Structure formats: C-alpha cells, structure tokens
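Q: This is the structure, below, for whatever I ask next.
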Amino acid sequence: MTAVESAPIQPARKASGRPSATRLLLNNTLATGGLVVLAAIVLIALAAPILPLADPNVTAPANRLLRPLSEGHLLGTDALGRDILSRLIWGTRVSLLVGISATLIAAFFGSLIGLVAGYAGGRIDTVLMRGIDMVMAFPYILLALAIVAVLGPGLLNALYAIAIVNIPFFARNIRGITLGLARREFVDAARLSGKSNAQILFIEVLPNVLPVIVITMSTTVGWMILETAGLSFLGLGAQPPQADLGSMLGDGRKILFTAPHVSIIPGLMIFVLVMSINLLGDGVRDVLDPRLKSGALSRPVARTAVTRQGLVPDAAPDPAAVLDVRELRTEFHIGGEVFKAVGGVDMRVGKGECLGIVGESGSGKSVSAMSIMGLVPTPPGRITGGVALLEGEDLFSASDERIRQLRGSAVSHVFQDPLSTLHPLFTVGDQLVEAIRAHEPVAKSAARRKAEELLRTVRIPNPAERLKAYPHELSGGMRQRVCIAMALAHDAKVIIADEPTTALDVTVQAQVLSLLDTLRAERDTGVLFITHDFGVVSAICDRVAVMYAGQFVETGTTEQILSSPAHPYTAKLIDCVPVLGEPDRRLDAIEGRPPMVNDLPKGCAFAPRCPRARDTCRAAPIGLTELGDGRTVRCLYPLTEDGDE
Amino acid sequence: MIAYIAKRLLAAIPVLFGLTVIVFAIMALIPGDPAQAILGNFATPENVEKLNRDLGLDKPLVQQYFIWLGNLFQGDLGRSYMQNRPVLDIVLERFNATLILAGTALVLCSVLGLIAGVISAVRQYGWADKAITFVVLIGISIPSFWLGLLLILVFAVNLRWFPASGMYSIFGGGDLPDLLHHLFLPALTLAVVATGVIARLTRTAMLEVLRQDFIRTARAKGVTERSVIYKHAFKAALVTVIPVIGIQAGFVLGGAVYIETVFQWPGIGSMLVTAISTRDLLLVQGGVLVVAAAYVLFNLAADVVQTILDPRLR
C-alpha cells in the first residue's frame, strides 16, 4: 500500500539539480514584475477599509467632474462628484472578487466534469464531452449574454454566466490529462488494492492533475476579470450603487468627450490588473509545464555555427579522397553544460567508395555526418574544431551561400525516416522539382520531366503518376526511394546516408540497399553510410569505422572488421547481430550504458563496460594505433593481439 | 475533396441542432412564468395567457421544443414585444452590419497575426521578437471596450481622422468609402485580441515546425533559407493556425457586442445589449441563434481551408 501511495508520478520540477518552482518563477523577470504589480493591487484592494479614503458613494454635486490631481481628489471626481480614487480601489475589490470567484466556480465544476469523464471513459465520457462541445460551439461571450438575459442583469448573475462559459476550458484540459493517468500503473494498483472509484479519483488522480488545474486557472482568471468587467460595462453586471471597474468605465463612457479621465482611469486599472495576471500566468505555466514554454523552442538556424578554437588541422588534402574530414569536433551547449558529441573524428571517402560508420544511438555517428554540411541544429550544436574538405575546399570556412550551393548538388543526403523527412503538404513531384531547380535554372516542365526520370532511376513504377502523390500516400520503401531520387538530382560526389534503412521492413531494406549500391557503382558516387547494424554494413560498405562516445574506436575494411574485430566494443557489437537460422544463439546485449558525453572518463570511454579493461586503460586518453593494412584501433589490448600473448 | 467538404457540411447539421437545443433550453430555464418574462411587467394577464397558448407553454418541454423548431424552420422566431415586429426581420437587418464588422476584423487579425507571428519566430530573441511579444501581451490583456474609447478619443475627437460612431454618415454618406471610413476604428479594435492570440500561436507553430525533419531535408536540398521559412515552414505552420482562426471567429463575433456598443455600430451585438436590458427575450433568442449559427459556418470554412492545405486530412 505504501508503495502504491508513493508511486504517483513525481512532477518534473522535483528532479534533483533543478531549482525550485518559486525560484524558476522569480528568474522570469516579466513574471516577477506581474507578481509584484498584482500583489500591490491585491494588497491595496484588501486594505481599502482601513485606508484614509473618501466614501466611494458620497455624492457631491458641487465637486463634479474634477480633473485628476485636484485638491483632495487625487484622481478627480466623477459625474456625481464621487472620489474616483476611492471608487477605483473599492471597484477593484469587487472586480477581483468576482473574477476570482468565477474562476474558482469554473475550475471546480469544469475539473469535476473533466475528472469524471476522463476517468470513467466510455459512454459517460462521450455524453459529457458532447455536451461540452455543444457549449463550445457558441461564441463565448454570446453564451454569457444569453445566460444574463435569462437570469436578469446583476453582478452575481454576470459572475455565474462567466463561470459557466469557462467550464468547458477546464473540462477539456483536465479530461485530457485524466484520460492518460487513468491508464497508468499506479491507478491499476490502487484499484486492485480495493479502493473505491471516488477514492482513486480524488486521492490518486487529483494530485497529479492539480498542476494542470492551476495552469488553466492562471491563464483564464485574467479573461474572467476582463469579461465580468465587460458585462458590467454593458450595464448587465454590477448595478448602481454597487460599482466594479467595468461599470465605472461604462458610466464614464457617457461623458467621454467632456471628462475622459472618468472612463480612462478604471479602464487603465482593468488593463494593468489583467496584464499583471497574464504575465504571472505565463510564468506559472512555464514553470509547471516546461513543455509549453515558448522559449524552450529555439529556432535552428540555416547552418551549424562554426567556432573553431585553436589549431585548424593541416589542410593538405588527400588527393584520393572526395571528402576528407579531420579532427572534427562538434559540441552541444545546453544550459551551461557542454556535450562533446563528436570528439575528434577523421573520415575519408574516396570516389565511388562507401564508408560505413557504426555505433549505438548516442555515439555521435549521425552528428559527425550532419556536421559536414552544417545540418546539426544550432542552437544548441556547434562545430568547435577540425576541417571538412570537399575536393580540397574547406566546408567549415565556406560562406553560407556556398554551402547552400553545395547542399543537394555536390553533397546530398538521405535521412532515416522518410515519412518525417519529406514535407507532408507538398507532392513528391513538387519536392523533386524544387530539389532540381535549387541548383539548375530550368523551366518547371523540364524539371518535371527530369523528376520523372529520377523516379524511374530509383525503380519506382509508373513514375508520372507518382509525381502527383503526397508522401503519406506512398509506402515506406517508396518514400525512401523518392528521397534517394532527390539525392541523385545533381550528380552528387558524396551521398551522406543517415540510417536510410532503419525505418524500413527487412525486405524493403534489402531492396533499398541494393539500389543504393547499384547507383553508387553506376555513378561512382562516394557514400558515407551511418548505421547501427552490422548486417547492413556487410551489404554495402567498403570500409567501416566503429564509433563510441564521440570517437572512432576502430577502422578498417569491412571484411577485416567483421572477421577479426580488434576492439572489444566492435566484437560485442558484432555479437549483437542476430543470425538467421540460429535462434538459440543468445544475443549478447552489452552490459551497462555508454557514458554521457558531458562527463567522459579520462581514459578509455569503453573501459567501464569492457571485460578486458585494466588500470592502464583508465589512466589516460588512448590514441588510435595503426595495425597495418590501413587498420586502426583505439585500444591498448586489442583482440587481434591475443594470439601473440 | 468535394466529397470531404460535403461530409463536413453534413457534420455541421447536428451541431446546428445542438445550438437550437441549447438556445431553447436556456430560454426554458427562465425563472417564473416565461410569458410574463417575455412580455414584461406591464403585460395584461390576458396577453400573458394568450402568449402562453401561442408558445405552447402548457405542453411538455420536448413537445414545446419541436413546436419551436418547426416555427424556426418557417422563419418564425416570434415577435419582439418592444418593437412589435417579427424577430427574424430585425435580426437579419442587423446581421449584415455585424458580418461586415466581424468579417473585416477576422481578416485583419489573421493577416496581422500571421505576419507578426512569423516575424517573431524568424527573429527569435531579437528586438523585433521582443517588441512583438510585448505588444501581443498588451493586446490580449487590454479591455477592447476601453481601447475603443481611447481610439475614439485620439482619432475621432482629437485628430478627427475617423468618425466616432455609426456605420454611415447621416448626410450624404452610404457609399463604400464612407463605410470603410466608419469601419476602420471598430474593426481594428475588434481585431486586437484575436491578433494577439494568432500571433502567439503562429510563433510557437513556426518554431515547432522549423525543428522538423522535413525542414532539415529542405535545407539539405540546398533550398534558400527564405524558401525554407516562407514556403516550407509557413505552410506547415498555417495548418495548425487555421483551426485557431476558426475558433477566434467566435471571440470576434462575441467581442462585437462590446465594439458595436462602443462605436454604436448597428449590428446584432448592440441590439442584444438593448434587448437584454429591456428583457426582450425573444429578440435575444433570435440574435444569439443567428450569431451562433454564423460561428458554426465560420468554423466550417476554417475546416475546409485546412483540408485544402493538408492532403492528409482528405
């Protein structure tokens, strides 16, 4: 039982190392500003009875319509000679009280409906939500008006009307969250332990829904104050002699031209009040629900930032290589921490050659490949070292425009999931035509013919018809063929293929691989092939580099590495590949996890998971050792030396 | 596609029926004798009894609804007791003005909101973004009825650029330029809140879209950054913003109540306020019903536009 009770999901903000909610809120300058202003307004409104204010309802015809800063009337007087400052503070009290009451009522009934609908599901959910949908089919204010029309004008009736029309917002939000929670393990556990539905709902579910209720309240309370003021402004809310900010504004409107201050002042008060609540509400939302925080979404710029410190490696190009990358370092800077995703990588791709980069997810293989043409998102990524030479041209010092010209022409890309990498709203034909015309000033019709030709090249049947298809209308394999066709639009010298077959069925995988392999041979294109799958490597790659924690741990020809891996990690990875027809073979998952790249060990990064690790492995960084035949390994005790020992 | 639109139209029918149920239910909830409430405090008992009979109020509620619905289909929404004219005539007369005002405001807020949102996203954290974010915050916090008063003070009273109220000049007006001249301030005021909401959402949608894989694909193709943002990203963002514009239509139609009152615009909103104050309940009922139906149609239009943009929905 106790285990169950402590099981409910912990709000993210309680995770260790994160500042408290209050601290986060105060870090937000605007939210703090809102809080200060709101607190001041609330305090003054609460203190109204003890403040030395004139009676808000005492009329003094002799003193009517005094301007602000008059003797004894700081904000002047209204048409009946009443002190505006006093009326303003008393009116604010009323408006605040009405707005907050309406919010509480709406939150109570809305949350209740949402909780019940989300928890009960089925028919109850359908009926409740249909009702809510019907209410939401009304323009918000209009429904409030209709309710006031029926109940009759008056502040309390306006309060009810505004509360009722806001119920759907709460019901919807809370239902969504409850629906997710109702299927969670801790709810099942509570049910098995014999708790009643009501107990589960209010003891187990409600605490987890509370943040959402608070968020919805903080984002709607401003609205409700505004709307009740609006009804009063129309003469449908507060009735004289009672006054809230809205009715003060409504009264002042009649003498707008002669004494504008009478209406401007209460309006300004509503504005400041609502604005401070909204500022605070945004802050509360950002703290309680970080996913919604708009600031968390940084816009990636067109090209990865390059801030190469220190030495740029000797740039004498390897004449045999089309693509020659040296000492590439790419980092992610997130919240003051530095993640060294790629820590000094050399890649060489010759004409018509296929270099495979193999590693687990998070090893930095994709980041290495995406760094070449600056496709790593900045922020947070940045290239901090190395050179990438495309036929001798340093890509990291090229202009943005030059990079744009090379992207898709000299260097093209094929990505992992062809459904998310093709634009869902444009036809395949339009996307191909765009790829063609990005680097070739041809007419649309000519580009379309070429697009058709490209689809034929990648063996898509009926290409003229397929041009009109949208990506979602094609199968996964077809989509990836389209992506490959796009990569072939301009006789690329190098194709960077980032797990191009991972998202596909095995049979389709084989087709796509053989297609890539054939095209590479026909066109003499270099391929940089990223994968986590040694099976795929053996099908297409001439040479392989095995990556771990941002570095290559072993390089060599495919045959060498597959038949006699030198690095313990490589051997483990190869052991992970299932072999057809050997169901009994136990796949050796590698124990442990790769190290975090913001906290790399001093010595070998694989040592903590390596059965052969010795103290010397952990002492100092380990360099790549030449093993002959162009093989290298980053290991002090490679497996290939076992025979010699 | 046409089949889809037809399907959406059919799906709107139950919603419209739902509206009639709610409108009817609200009126049925009037405390006390509805006929008395409809006719006002000074009605003679004979008239109250006659209306009770006319409205079929002595029958069960469900039956009452269908009688009311039947009358509705024949265009009979009852008579306004204050104006002693058929409700439908008054409502239709007024609806035109509301449609012009709300329609213009909706176009304004869509255009301004989208532009501001895109600029804000493209210049994220830059001064333009900060300025837009702040103005948007003001826009969604400002009471529109107060803003209308301020604009009247500045642009109508002091600068005399625009008229302070009405839809046409009393003398010698009536043409389109005259209408636009009168329309500018109220339409702008009405658009402010919705502009803020749409701008905020567009910014978020753009930032979200710009992180998608297909944007990286566009960049990998060598498409210019301009095209990446204004063609690829904008179209994808638009798909998420369009339904919200449909929802904003509701806020604009509702907000028209304030703006029509402030600018004395002869639309349904200002009519409703008067009708509520005078307890002319059948007129309120008719006005609410027509505006709510218009909102359903606006949403339908947003649905159709979204379908045209997004082939996955067809």
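The values are calculated or read from the model by the stated rules, or taken from the named source; none is laboratory data. No experiment lies behind these values; they were computed from the predicted model shown. No Cβ is skipped: glycine too gets one built from the backbone with ideal geometry, and neighbour counts run over all protein chains shown. Note: areas computed on protein heavy atoms with side chains; ligands, DNA, RNA excluded. Shrake-Rupley method; radii C 1.70, N 1.55, O 1.52, S 1.80 Å.
Q: Return a yes/no flag: does the range B:218-226 have any residue that is at the interface with chain A (Cβ under 9 Å from one of its Cβ atoms), free of Cβ contacts under 8 Å to residues at least 60 places away in the same chain, among the β-branched types (Val, Ile, Thr) and crowded, with 21+ Cβ neighbours inside 10 Å.
A: Taking the range B:218-226 as the starting set, the residues that turn out to be at the interface with chain A (Cβ under 9 Å from one of its Cβ atoms) are B:218-225.
Subset that is free of Cβ contacts under 8 Å to residues at least 60 places away in the same chain: B:218-225.
So of that shortlist, the ones also among the β-branched types (Val, Ile, Thr) come out as B:223-224.
Narrowing further to those that are crowded, with 21+ Cβ neighbours inside 10 Å: B:223.
Yes.
Q: Next up: Can you pull out the residues in the range A:228-243 that are modelled with pLDDT of 90 or more and either surrounded by fewer than 24 Cβ atoms within 10 Å (Cβ to Cβ) or within 14 Å of residue A:96 (Cα to Cα) (or both)?
A: A:228, A:229, A:230, A:232
Q: Please find, within the range B:231-264, the residue that is farthest from the other protein chains (Cβ to nearest Cβ) out of those that are open to solvent by 10 Å² or more (accessible area, probe 1.4 Å) and free of Cβ contacts under 8 Å to residues at least 40 places away in the same chain.
A: B:240
Q: Within the range A:91-191, considering only helices (runs of 4 or more DSSP H) that don't extend past its boundaries, which have at least 2 residues that are surrounded by fewer than 19 Cβ atoms within 10 Å (Cβ to Cβ) and among the basic types (Lys, Arg)? Write out each step before concluding.
A: On the way: elements: A:122-136, A:140-151, A:155-181.
Filter on the range A:91-191 gives A:122-136.
Q: Within the group A:351, A:365, which residue is under 23 Å from residue A:480 (Cα atoms) and out of contact with any helix residue (DSSP H, G or I) (no Cβ under 8 Å at 6 or more places or on another chain)?
A: Values: A:351 fails: under 23 Å from residue A:480 (Cα atoms).
A:365 is the lone residue from the list that is under 23 Å from residue A:480 (Cα atoms) and out of contact with any helix residue (DSSP H, G or I) (no Cβ under 8 Å at 6 or more places or on another chain).
Q: Within the range A:192-227, take every residue that is in a helix (DSSP H, G or I) and charged (D, E, K, R) and give me the one that is modelled with the highest pLDDT. Working first, answer last.
A: The first filter runs over the range A:192-227 and keeps only residues in a helix (DSSP H, G or I), leaving A:192, A:197-227.
Now restrict to residues that are charged (D, E, K, R): A:204, A:227.
Values: A:204: 84, A:227: 90.
Looking at residues that are in a helix (DSSP H, G or I) and charged (D, E, K, R), I get A:227.
Residue-wise test of (1) modelled with pLDDT of 80 or more; (2) open to solvent by less than 50 Å² (accessible area, probe 1.4 Å); (3) more than 14 Å from every other protein chain (Cβ to nearest Cβ); (4) under 21 Å from residue B:285 (Cα atoms).
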{"site": "B:10", "(1), (2), (3), (4)": "yes, no, yes, no"}
{"site": "B:15", "(1), (2), (3), (4)": "yes, no, no, yes"}
{"site": "B:19", "(1), (2), (3), (4)": "yes, yes, no, yes"}
{"site": "B:24", "(1), (2), (3), (4)": "yes, yes, no, yes"}
{"site": "B:33", "(1), (2), (3), (4)": "no, no, no, yes"}
{"site": "B:41", "(1), (2), (3), (4)": "no, no, no, yes"}
{"site": "B:45", "(1), (2), (3), (4)": "no, no, yes, no"}
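Q: May I pose another question? Sort through B:220, B:233 and tell me the only one that's touching a strand residue (DSSP E or B) at 6+ places or on another chain (Cβ under 6 Å) and over 30 Å from residue A:165 (Cβ atoms). Quick ask: steps written out before the conclusion?
A: Numbers: B:233 fails: touching a strand residue (DSSP E or B) at 6+ places or on another chain (Cβ under 6 Å).
Just one listed residue meets the conditions, B:220.
Q: Starting from residues that are more than 23 Å from residue A:273 (Cα to Cα) and either at the interface with chain B (Cβ under 8 Å from one of its Cβ atoms) or touching a helix residue (DSSP H, G or I) at 6+ places or on another chain (Cβ under 8 Å) (or both), keep the ones in the range A:244-258 and report whichever is surrounded by the fewest Cβ atoms within 10 Å (Cβ to Cβ). Spell out how you get there, then give the answer.
A: The initial filter retains those residues of the range A:244-258 that are more than 23 Å from residue A:273 (Cα to Cα), namely A:254-255, A:257-258.
Narrowing further to those that are either at the interface with chain B (Cβ under 8 Å from one of its Cβ atoms) or touching a helix residue (DSSP H, G or I) at 6+ places or on another chain (Cβ under 8 Å) (or both): A:255, A:257.
Details: A:255: 16, A:257: 11.
The extreme case among them is A:257.
Q: Considering every residue within the range B:105-112, establish whether at least one is at pLDDT below 90, open to solvent by 20 Å² or more (accessible area, probe 1.4 Å) and either within 14 Å of chain A (Cβ to nearest Cβ) or part of a helix (DSSP H, G or I) (or both). Before the answer, list the steps.
A: Residues of the range B:105-112 that are at pLDDT below 90, as a first pass: none.
Within the range B:105-112, not a single residue is at pLDDT below 90, open to solvent by 20 Å² or more (accessible area, probe 1.4 Å) and either within 14 Å of chain A (Cβ to nearest Cβ) or part of a helix (DSSP H, G or I) (or both).
Residues are listed down the side, and each one gets a yes or a no for (1) touching a helix residue (DSSP H, G or I) at 6+ places or on another chain (Cβ under 9 Å); (2) part of a helix (DSSP H, G or I); (3) within 10 Å of chain A (Cβ to nearest Cβ); (4) closer than 24 Å to residue A:302 by Cα:
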| position | (1), (2), (3), (4) |
| --- | --- |
| B:121 | yes, yes, yes, yes |
| B:124 | yes, no, yes, yes |
| B:128 | yes, yes, no, yes |
| B:140 | yes, yes, yes, no |
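Q: Could you please find all residues in the range A:600-611 being surrounded by 16 or more Cβ atoms within 10 Å (Cβ to Cβ) and either assigned to a loop (DSSP other than H, G, I, E, B) or among the β-branched types (Val, Ile, Thr) (or both)?
A: A:600, A:603, A:604, A:605, A:606, A:610, listed by residue number.
Q: If you don't mind, there's one more thing I want to ask. Do you know which of the residues in the range A:259-275 that are surrounded by 24 or more Cβ atoms within 10 Å (Cβ to Cβ) and small (Gly, Ala, Ser) is farthest from the other protein chains (Cβ to nearest Cβ)?
A: Once the filter is applied, the top-ranked residue is A:263.
Q: Checking residue A:83 against (1) touching a residue at least 40 places away in the same chain (Cβ under 8 Å); (2) among the charged types (D, E, K, R); (3) open to solvent by less than 50 Å² (accessible area, probe 1.4 Å), only one condition comes out false. Which one?
A: Here residue A:83 clears every test but (1).
Q: Go through (1) modelled with pLDDT of 90 or more; (2) at the interface with another protein chain (Cβ under 10 Å from one of its Cβ atoms) for residue B:213 and report which single condition fails.
A: (1)
Q: Can you tell me which condition residue B:167 does not meet? The list is (1) crowded, with 22+ Cβ neighbours inside 10 Å; (2) within 13 Å of chain A (Cβ to nearest Cβ); (3) not in a helix (DSSP H, G or I), and all the others hold.
A: (2)
Q: Test each condition in (1) in a strand (DSSP E or B); (2) at pLDDT below 80; (3) of a type in the set (A, V, I, L, M) for residue A:338 and report the one that comes out false.
A: (2)
Q: Considering only the range B:305-314, state which residues are out of contact with any Pro (no Cβ under 9 Å at 6 or more places or on another chain) and either acidic (Asp, Glu) or buried (at least 17 other Cβ atoms within 10 Å of the Cβ) (or both). Show your work before the answer.
A: If we filter the range B:305-314 for residues that are out of contact with any Pro (no Cβ under 9 Å at 6 or more places or on another chain), which is where we start, we get B:305, B:307-309, B:313-314.
Result: B:307, single match.
Q: With the requirement that a residue be more than 8 Å from every other protein chain (Cβ to nearest Cβ) and within 28 Å of residue A:246 (Cβ to Cβ), what does the range B:148-160 give you? Steps first, please.
A: At the first step, the residues of the range B:148-160 found to be more than 8 Å from every other protein chain (Cβ to nearest Cβ) are B:148, B:151, B:154-156, B:158-160.
Correct list: B:148, B:151, B:154, B:155, B:156, B:158, B:159.
Q: Any idea which of (1) open to solvent by 50 Å² or more (accessible area, probe 1.4 Å); (2) in a helix (DSSP H, G or I); (3) among the hydrophobic types (A, V, I, L, M, F, W, C); (4) in contact with a Gly (Cβ under 8 Å, 6 or more places away or on another chain) is the one residue A:503 doesn't satisfy?
A: Condition not satisfied by residue A:503: (2).
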